[in-house]
Amino acid sequence: MTSAGTAAALDCCLHLVRQDYGTQVATRVARRLVVSPHRSGSQAQYIERPMGNTEASNPIEEVMVWMRAHLDNALNIDQLAKRANYSRRNFTREFRAATGASPLQWLLSQRLALAQELLETTELPTLHIAQRCGLGTGASLRQHFQRIFNTTPRNYRREFSQM
């Protein structure tokens with residue numbers, strides 16, 4: 001195999017990884033490199049979101065773990081602050097210090113990461129994925145995907161599906 005240029009070399013390497021180790025491994029490598037597993041021209045970058053540097057015994061980390069387990073629930077700042085035993089203001093400040101994002105921004109990123117995973121690994125309809133991720137409706141999921149990833153869930157599934 002040969003390639004001409006850096007981007008083509010990455011495409012070639014990802015093709016070889018896909019052949020040897022499968023689509024799932026190639027997709028993870030591509031995300032780590034911040035490139036598409038299959039370039040289609042104009043597309044947004046797809047990267048896995050970092051979890052932040054937090055200690056396991058930290059109340060913020062405990063709330064983050066709880067939030068990840070309850071993505072399908074309606075969650076609000078007051079509920080999360082109470083769970084961490086913080087005032088709303090202190091919780092928001094501490095959460096941002098730990099993650100670099102507001103609690104609701106972080107929650108949305110986790111919901112979208114779950115939606116990406118479900119689009120890649122299942123054939124669930126968009127509505128079911130939206131509900132399972134706490135985004136409510138298929139329209140809401142499409143709106144967030146368009147805004148954040150500059151694509152639709154359908155196109156994302158077509159690009160990254162491991163099915």
| remark: Residue hits (segment 57-104; charged (D, E, K, R) and more than 27 Å from H128 (Cβ to Cβ)) are E61, E62, D78, K82, R83, R88, R89, R93, E94, R96
| query | Filtering segment 71-100 down to residues that are more than 16 Å from P59 (Cα to Cα), open to solvent by less than 70 Å² (accessible area, probe 1.4 Å) and aliphatic (A, V, I, L, M), which residue is farthest from the chain's Cα centre (by Cα)? | reply | L75
| Selection count, segment 116-132, where residues are in contact (Cβ under 8 Å) with a residue 24 or more places away in the chain and either under 18 Å from T27 (Cα atoms) or surrounded by fewer than 16 Cβ atoms within 10 Å (Cβ to Cβ) (or both) | 6
| Restricting the search to segment 105-163, which residues are hydroxyl-bearing (S, T, Y), within 13 Å of the chain's Cα centre (by Cα) and within 29 Å of F91 (Cβ to Cβ)? | S109
| remark: Within segment 6-58, of all residues that are of a type in the set (K, R) and closer than 20 Å to T151 by Cα, the one modelled with the lowest pLDDT is R49
| request: May I ask you to verify whether S109 is open to solvent by less than 70 Å² (accessible area, probe 1.4 Å), small (G, A, S) and within 18 Å of G22 (Cα to Cα)? | output: no
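The values are calculated or read from the model by the stated rules, or taken from the named source; none is laboratory data. Only a predicted model underlies this, so the values are computations on that prediction, with no experimental measurement involved. Glycine gets a Cβ as well: all are built from the backbone with ideal geometry, and neighbour counts include every protein chain shown. All accessible areas refer to the heavy atoms of the entire protein, side chains included, with ligands and DNA or RNA removed. Shrake-Rupley method; radii C 1.70, N 1.55, O 1.52, S 1.80 Å.
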